1. Can you tell me the convex hull volume per residue for the range 86-185, based on C-alpha atoms, in Å³ to the nearest whole number?
2. Tell me the net charge near R8. Cut-off is 14 Å between Cβ atoms, R8 excluded, with +1 for each Lys or Arg and -1 for each Asp or Glu.
3. Let me know the charge dipole size of the range 374-420 about its Cα centre in debye, to the nearest 20, where only the beta-carbon of Lys, Arg (+1) and Asp, Glu (-1) is charged.
4. Out of the DSSP beta bridges found with both residues in the chain, what percent are antiparallel (nearest 5)?
5. So, in nm, how far is label A418 from label L365 when the simple model puts each one 7 Å beyond its Cα toward the Cβ?
6. Please find, in a Gaussian network model of the chain (springs between Cα atoms separated by less than 10 Å), the residue of Q120, Q212, Q287 whose mean-square fluctuation is greatest.
7. Figure the gain on full extension for R57 and R45 (residue separation times 0.36 nm, minus the Cα-Cα span) and round it to one decimal in nm.
8. May I ask you to evaluate 6.51 cos²θ - 1.76 cosθ + 1.60, the Karplus curve with θ = phi - 60°, for each residue of the range 66-72 and list the ³J(HN,Hα) values in order in whole Hz, giving x for glycine and proline?
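Read-outs throughout are calculated quantities, based only on the coordinates presented, and are distinct from any laboratory measurement. The shown structure was predicted, so the numbers you read here are calculated from the model rather than taken from an experiment. All Cβ positions, glycine included, derive from the backbone under ideal geometry; neighbour counts span all protein chains shown.
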Amino acid sequence: APRLDAARLRADFPILGVDVNGHPLVYLDSAATSQKPTAVLDAERDFLTHANAAVHRGAHTLAGEATDLFEDARATVAGFVGAAPEQLVWTSGATMGLNLIAYSIGNATLGRGPSRFALQPGDEIVTTAIEHHANLIPWQELAARTGAVLRHIPVRDDGTLDLEAAAEIIGERTRIVAFTHVSNVLGIVNPVAEIIALAQAHGALTVMDACQSAPHLPLDLPTLGVDLAVFSGHKMLGPYGVGGLYGRADVLEALPPFLTGGSMITTVSLDSAEYLPPPQRFEAGTQPIGPAIGLAAAVQYLDGVGLEQIHAHESALADRMADALRDIPGIRLLGDAAGVERVGLWSFDVDGVHAHDAGQYLDSLGIAVRVGHHCAAPLHRRFGITASVRASAALYNTEDDIEQFIDAVRGIRPYFGAGS
Ligand code: PMP
């Protein structure tokens, strides 16, 4: 396969041409949000300029066109993860998708709708020690509401999940196993097929956070066999305010709605309502139509470049980053496990310099990184720190970006008088 030409792709992302603090921007914060190619901006603008209307049930021509574009977008985004259109529920993002699942199961537990996933007190929900807060707190809340018990698969010192412990933890009482495909702090591709197999052996529902994998790896969710998965449009070259919830057809069918209201019903009386089948059952209210159309353009862009090529390019950048960072005194990489598959991101601690100071220093050189706990406070505590610096690459980052970043990191500790 031809190699990805990042220098050429950059022309599709006008923002990458800006100067920051007198330096050409080096954008290494794509794990927080990706930049958007003109194809995505154009798709949303074209829709708003030529076809804007509320979808479904409109008698007029524009409503029909908008509905077609919206449903075509669903088919495109579903296809991107190997799924059929009716397996893709629009959400406002991954956080919304995970809350939707947790609240739906809470509603099942209350006897509202199908009960296949109803929880009993003492049932166990298993997550991992490396989750983003979005895949942790909804489960804490669900456990608190239902009397279920929350358990965690631990992480080893090298950032890998402890699968031996997982095999002990996932058992008879496990009803849900929720895990991330790729940690937004560690960048390691987790052994999700093994986790799914452990969960399936006990009939537990599997929920995967694909935020940090969907933009970077080829995904075929039906083949992977996960029951439910979520991703965020804005992290995969798409607009804000839209995301996807993928579900196995029988699983979506057996989940009650979370939000209720317009667009998700068949018949309504003053006292009760009948609900549409999925995906509409989970799409109450006016949907993010323009953003959904923009997200379809984003996944077409990713597919056009090729996910295999993107993954190869980004992991080569990550390898170069790690090789250089390991040699810089006082830099400690988080999750520096040997022999694991990774995406293009690294988080690190700088001995004697607070992550926020390091980030400001890099910004003064035009280099955009993220600092803090990256919404994974328990993971940072596990590594004995409260914050780290994270550099995350995407398809539009060049080797030159990485070299500039490495040179700048070399300067951090000397600048702050923390050693050389
Ligand atoms: N999970 C992971 C792994 C993430 O990186 C993020 C975003 N930082 C989220 C969930 C939440 O995504 P959003 O804020 O778009 O809902």
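1. Taking only Cα atoms, the range 86-185 has a hull volume of 115 Å³ per residue.
2. -2
3. Approximately 500 debye in magnitude.
4. Details: 26 of 45 bridges.
So the antiparallel bridges in the chain amount to around 60 percent.
5. 1.4
6. In the Gaussian network model the winner is Q120.
7. Extra length from R57 to R45 when fully extended: 2.0 nm.
8. Once rounded to whole Hz, the list reads 4, 4, 4, 5, 5, 6, 5.
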